[in-house]
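Enquirer: For reference, the structure I am asking about is given below.
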Amino acid sequence: LSVDVRPVFVFLMFFWKCSDTFSISIIQVIADKILWEAVKKSPVIREGASEEDPIVRNVDEGGEGEFTVCWDPLDGSSIVDNNWAVGTMIGVWPKKTGLIGATGRDQVTSVVALYGPRTTVLVALDDGTYEFTYGCSTEGDVSSQSTGSIKDETWVCSRQAIKIQPTSKIFSPANLRAAQDLNGYRNLVDHYMINRYTLRYTGGLVPDVYQQFTKRQGVFCNPTSEKSPAKLRLAFEAAPFGLLVEKSGGKTSDGITGGSILDVQINAVDQRTPLCLGSADEVDRFNETLGLTNSGKSETTPEAGSLAANLQSKFTKFSAMISGFGK
């Protein structure tokens, strides 16, 4: 995606002089096509579902598929014309649960890619969340992307067993229109401002939540109201990011009961949800300020073991599922 989509977008905007809306639609179709081709080629994938076409489709021609893969091919369509960072979100469920009727906690892994100055992915592994960076040669040098040669490029682990600290001074307040309807949300935003939190918000879910893994802190809030309903999709967006956050020691809220977003049952492919996730103390503050009742603790993450010894084997387990991901 990072290699194929960028030049197409540039060509459409500057050579064909296409409108932003048309160009964005085309690159979303291209990104989705790349992912469909990848899952169809993989012998371990049984079913696929895309935000662009929210239907679970069987892709298991060989009958040996083990996983259902659900993705948002290009999150951030409203900001891509600004040349801001955008991303891809992927959730992976086992054959025994599939997608419908499962929860986010049933995921065997999730992957979130960020296309910025670096192309990186967050991957949920057994002992936590890891970041991998694309574009280094097999010798460990900076890649030759500028020359167009990618044959020697590979993924390298750039962050291991990431931990999100419980306190934060960074906030990302989505759906601020709801603050006109929800006194609790208005009070929460006032708390952030009075206590001089740092606002970091782009309007793209991937960069706005991804920063929690690089800064090791942060909170993303997206409550909803009748006039400002839910837009985030449970299977494509909330569940994949929720797994990564809780694997990193953070916490999530479903924005309704205050319970973990990972415990919400997926009853429809396109199911929408409120969401809050990030530093545990800040998610607790969100629940309390908005009057949500459930303040239960998220699952804790086991301490990382011998990282150098087992990292490659863990990542290899999922390499088939993201084969072609950065190409």
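Enquirer: Which chymotrypsin sites (Phe, Trp or Tyr not before Pro) from region 71-129 combine a DSSP loop assignment with at most 15 other Cβ atoms within 10 Å?
Expert: Trp84
Enquirer: Also, I was wondering about something else. Considering amide H positions built from the backbone, and no H for Pro or chain starts, which residues 5 or more places from Gly98, or on another chain, come under 5 Å of its amide H?
Expert: Here the answer is none, since no amide H 5 or more places off falls under 5 Å of that of Gly98.
Enquirer: Oh, and also: Can you divide the C-alpha Rg of region 220-276 by 2.2 N^0.38 Å and report the result to two decimal places?
Expert: Values: Rg = 10.6 Å, N = 57, 2.2 N^0.38 = 10.2 Å.
For region 220-276, the normalised Cα radius of gyration comes out at 1.04.
Enquirer: Note down the net charge around Ile162, summing +1 for each Lys or Arg and -1 for each Asp or Glu among other residues with Cβ under 10 Å from its Cβ. Please list the in-between numbers first.
Expert: Values: positive: Arg159, Lys163, Arg216, Lys247; negative: Glu131.
Here the charged neighbours net out to +3.
Enquirer: Taking the alpha-carbon centroid of each part, what is the distance from region 186-260 to region 262-279 in angstrom?
Expert: 12
Enquirer: Got a sec to turn the phi values of region 184-199 into Karplus ³J(HN,Hα) couplings, 6.51 cos²θ - 1.76 cosθ + 1.60 with θ = phi - 60°, whole Hz, x for Gly and Pro?
Expert: x, 5, 4, 5, 5, 5, 4, 4, 4, 6, 4, 8, 6, 5, 9, 7
Enquirer: Report the extension gain between Val29 and Glu226 in nm, rounded to one decimal, defined as 0.36 nm multiplied by the number of residues separating them, less their alpha carbon distance.
Expert: On the way: separation 197, 0.36 × 197 = 70.92 nm, distance 3.14 nm.
Gain in length upon complete extension: 67.8 nm.
Enquirer: To the nearest 0.05, what FRET efficiency results for Thr154 and Arg105 with a Förster distance of 22 Å applied to their C-beta separation?
Expert: Working: r = 32 Å, r/R0 = 1.44.
The computed FRET efficiency comes out at 0.10.
Enquirer: Short version: ³J(HN,Hα) in whole Hz for each residue of region 87-97, in order, from phi by Karplus 6.51 cos²θ - 1.76 cosθ + 1.60 (θ = phi - 60°), x for Gly and Pro, what are they?
Expert: x, 10, 10, 9, x, 10, 10, x, 4, 5, 10
Enquirer: Within region 23-56, name every residue whose backbone N is under 19 Å away from a label modeled 7 Å from Cα of Asp81 along the Cβ vector.
Expert: Flagged as within label range: 23-31.
Enquirer: Something else: Which of the GluC sites (Glu not before Pro) found in region 50-81 are loop residues per DSSP with 14 or fewer other Cβ atoms within 10 Å of their Cβ? All intermediate terms of the calculation are to be shown ahead of the outcome.
Expert: Numbers: sites: Glu51, Glu52, Glu61, Glu64, Glu66; in loops: Glu51, Glu52, Glu61, Glu64, Glu66.
Here the GluC sites (Glu not before Pro) that fit, given the DSSP loop and packing criteria, are Glu61, Glu64.
Enquirer: Long-range amide H contacts for Gln271: which residues qualify at under 5 Å (H placed 1.01 Å from N, peptide plane, sequence gap of 5 or more or a different chain)?
Expert: Leu234, Ala235
Enquirer: Convex hull over the Cα atoms of region 175-239, averaged projected area in nm²? Please list the in-between numbers first.
Expert: Details: hull surface 19.6 nm².
So the Cα hull casts an average projection of 4.9 nm².
Enquirer: On to the next question. When Lys and Arg each count +1 and Asp and Glu each count -1, what net charge do the other residues less than 12 Å away from Lys227, Cβ to Cβ, add up to?
Expert: Values: positive: Arg177; negative: Asp181, Glu226.
Value of the local net charge: -1.
Enquirer: Over its Cα atoms, what ratio of radius of gyration to 2.2 N^0.38 Å does region 183-297 give? List each step's numbers first, then the result.
Expert: On the way: Rg = 13.2 Å, N = 115, 2.2 N^0.38 = 13.4 Å.
With N residues counted in region 183-297, Rg over 2.2 N^0.38 Å equals 0.99.
Enquirer: Restricting things to alpha carbons, tell me how big region 28-71 is in terms of Rg and Dmax, in Å.
Expert: Answer for region 28-71, Rg first and Dmax second: 9.8, 30 Å.
Enquirer: Under 12 Å from the Cβ of Leu199, count the other residues' Cβ atoms, weight Lys and Arg +1, Asp and Glu -1, and hand me the total.
Expert: +2
Enquirer: With a probe of 1.4 Å, find how much accessible area region 149-245 has per residue, and write the answer as a whole number in Å². Walk me through the numbers before you get to the answer.
Expert: Numbers: 4320 Å² over 97 residues.
Per residue, region 149-245 has an accessible area of 45 Å².
Enquirer: Moving on to the next point. DSSP loop (so not H, G, I, E, B), at most 12 other Cβ within 10 Å: list which trypsin sites (Lys or Arg not before Pro) in region 201-286 pass both filters. Working shown, then result.
Expert: Values: sites: Lys215, Arg216, Lys227, Lys231, Arg233, Lys247, Lys251, Arg272, Arg285; in loops: Lys215, Arg216, Lys227, Lys231.
Listed in order of number, the matching sites are Lys227.
The values are calculated or read from the model by the stated rules, or taken from the named source; none is laboratory data. Treat the numbers as computed from the prediction; the structure is a model and nothing was measured. All Cβ positions, glycine included, derive from the backbone under ideal geometry; neighbour counts span all protein chains shown. Only protein heavy atoms, including side chains, enter the accessible area calculation; ligands, DNA and RNA are left aside. Shrake-Rupley method; radii C 1.70, N 1.55, O 1.52, S 1.80 Å.
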